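First the structure, in the form of structure tokens, and then the observations on it.
The values are calculated or read from the model by the stated rules, or taken from the named source; none is laboratory data. Because the structure is predicted, anything quoted here is derived from the model rather than measured. Cβ placement follows ideal geometry from the backbone for every residue including glycine, while neighbour counts extend to all protein chains displayed.
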């Protein structure tokens, strides 16, 4: 070995030690060593396990829902008793039974009246499907994570096999280990409505959106909604949106009977059907949810039937102050930001000089 | 050592120092810009799965068609025989048919509601409707009546009385009063002991005095007195004592001539025949696990198809 080599080798070792110590200190300061190696992989694995648990829960819910709906269907004589208030898009007074033709005779569904046949055996499958969806929703709503409600297209095969095909996948957030609950912020996305390209704030899974629902609004409408939420919080309440933007496809599916509500099958007459759901072919004035500027809203922790008259009044005051106007036929439906109904309300206010909180 | 080896050796510390400097820059500096770390999203990604499912049950919806066909057989049979006979004949291995199968609170509610509504709907006046509440001990067990049932009556709107069963969520019935008013109870409490002895207590609300009070009782039968006083039709829940009727305030009811009304001289109100029958069809040898709000339990049960049908009465030859 040469003499110069003897000098350089220790020098390199010393420099290496200094550099590695320095590197260790820097990385330690950045906190990168607070987690063990592979923690991210574990986070992913935990999410996978959560997903498996959710799938198991869905399978079990389907099993029990099927048994329960068979029992209840029989008790109701093969007719279902789904109330308009249970259907998100009902457009008239809530709490009207809409599936019964002749009503009940002291608790028993009428199959035959003196001059009328009230039972249609061909609708038994449809009635089972409605009941099943209701039971399924109540199970899924109880699950701790957000599983979409009314998310299935059903197929009922003989002796009975029910297949629920999900319309939307189940999405689970992969969370950093140190926090247990997801802190969600609205996501901005561009959508093409009949009005053109619109900036949509998607706030599904946030405090403002009901569990199991999908929520999106235009940026302007969302801003007003945040303002309304601020006002509600000042009064010790919180708002909950259970229906907001609907794409043309979603509205067409609702109208066309491709959703669990089965509007087309239950109301073949279009005029009758329009009492419960809007016809997307009649434009945005008819279907304001398609603009992303309309919401169906209530106070958090209450269903529509739990809301008292005072609750609805308070909600109307909050929403009006935040810049929304209500549709008179629906206590829960508000619009803003230049929809046809909103513009009419504002115009009427200018003409009369009086507050117009609700308009037909 | 050659010159090129020396240059390479000198480069090693330079590369290492550069590495340290590089590592010390980047996210740590931008991280400082975020002054509200609590509002940072803690989501590092999304995991997506298809939640479709399939569920199976050994049950045939075609049973409803079969039941409807059998009902048509009963309806044809009823042209010559009584409905009770026809129903008894139709029982087979697959289905068990029964005329009405209400139990517990449902039985109490619908029996009372039907009696009340029938009496209101009868067109005559100055008559009584009577219902004996006594049952055999076997029937008490069969109907699950070894309990006390509490019904609340209120008027949500004019001409309507809503009867609700306490402690049985959602079990209620709406009576149409056809504009009649009178001594109508605000609460109906019925209990049975194991010997089949009924104990009925009626509670009333006195509008003129604004107080709730218990009527005479316990009673073993229900009596409704329909009357016309000063051209106003009234309907009163009353108690019979000897040959007289007493109102809930325990006063003897007088007629137009101010004489006590004699029960023996009063006709029974003419109840209109309805010819609508309650039918229950149980699928034999089949059970499922289900919840029933009436008993609040989840257990194995046989589904019972319950429906009502108008069956034309037998034609007299």
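Listing for the model above:
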item: Residue that is touching a strand residue (DSSP E or B) at 6+ places or on another chain (Cβ under 6 Å), outside any loop (DSSP other than H, G, I, E, B) and either surrounded by 13 or more Cβ atoms within 10 Å (Cβ to Cβ) or more than 14 Å from chain A (Cβ to nearest Cβ) (or both), where the choices are B:113, B:88; result: B:113
item: Members of the stretch B:233-270 that are surrounded by 13 or more Cβ atoms within 10 Å (Cβ to Cβ), part of a loop (DSSP other than H, G, I, E, B) and touching a helix residue (DSSP H, G or I) at 6+ places or on another chain (Cβ under 8 Å); result: B:269
item: Output for the stretch B:271-317, where each listed residue is more than 29 Å from residue B:117 (Cα to Cα), within 12 Å of chain A (Cβ to nearest Cβ) and part of a strand (DSSP E or B); result: B:283, B:288, B:289, B:290, B:291, B:298, B:299, B:300, B:301
item: Selection status of residue A:83, at pLDDT 90 or above and surrounded by fewer than 19 Cβ atoms within 10 Å (Cβ to Cβ); result: no
item: First in the stretch A:337-352 and in contact (Cβ under 8 Å) with a residue 60 or more places away in the chain, second anywhere and assigned to a helix (DSSP H, G or I) and surrounded by fewer than 20 Cβ atoms within 10 Å (Cβ to Cβ), Cβ under 6 Å, 6 or more apart; result: A:337/A:220
item: Number of the exception - residue B:89 against (1) at pLDDT 90 or above; (2) out of contact with any helix residue (DSSP H, G or I) (no Cβ under 6 Å at 6 or more places or on another chain); result: (1)
item: Top-ranked residue of the stretch A:318-360 - restricted to ones that are in a helix (DSSP H, G or I) and closer than 17 Å to residue A:239 by Cβ, ranked as farthest from the chain's Cα centre (by Cα); result: A:321
item: Lone qualifier among A:297, A:318 - being touching a helix residue (DSSP H, G or I) at 6+ places or on another chain (Cβ under 6 Å), closer than 26 Å to residue A:207 by Cβ and crowded, with 21+ Cβ neighbours inside 10 Å; result: A:318
item: Residue list for the stretch A:56-74, restricted to those being facing chain B (nearest Cβ under 8 Å) and free of Cβ contacts under 8 Å to residues at least 12 places away in the same chain; result: A:59, A:63, A:67, A:71, A:74
item: Among (1) touching a helix residue (DSSP H, G or I) at 6+ places or on another chain (Cβ under 7 Å); (2) part of a helix (DSSP H, G or I); (3) outside the structural domain of residue A:223 (by TED's automatic domain parsing), the one test that residue A:271 misses; result: (1)
item: Residue check for residue A:257: modelled with pLDDT under 85, over 16 Å from the mean Cα position of the chain (by Cα), more than 27 Å from residue A:137 (Cβ to Cβ) and surrounded by fewer than 22 Cβ atoms within 10 Å (Cβ to Cβ); result: no
item: Selection from the stretch B:172-205 of residues that are under 14 Å from residue B:237 (Cα atoms) and free of Cβ contacts under 8 Å to residues at least 40 places away in the same chain; result: B:186, B:187, B:201, B:203, B:205
item: Residue within the stretch B:275-296 that is over 30 Å from residue B:82 (Cβ atoms), without any contact (Cβ under 8 Å) to a residue 24 or more places away in the chain and surrounded by fewer than 12 Cβ atoms within 10 Å (Cβ to Cβ) present; result: yes
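Table: residues versus (1) within 20 Å of the chain's Cα centre (by Cα); (2) not in a helix (DSSP H, G or I).
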site	(1), (2)
B:109	yes, no
B:135	no, yes
B:138	no, no
B:144	yes, yes
B:149	yes, yes
B:162	yes, yes
B:168	yes, yes
B:209	no, yes
B:213	no, yes
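Conditions (1) modelled with pLDDT under 90; (2) more than 11 Å from every other protein chain (Cβ to nearest Cβ); (3) part of a helix (DSSP H, G or I), marked per residue:
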position	(1), (2), (3)
B:7	yes, yes, yes
B:14	yes, no, yes
B:18	yes, no, yes
B:32	yes, yes, yes
B:41	yes, no, no
B:45	yes, no, no
B:48	no, no, no
B:72	no, no, yes
B:76	no, yes, yes
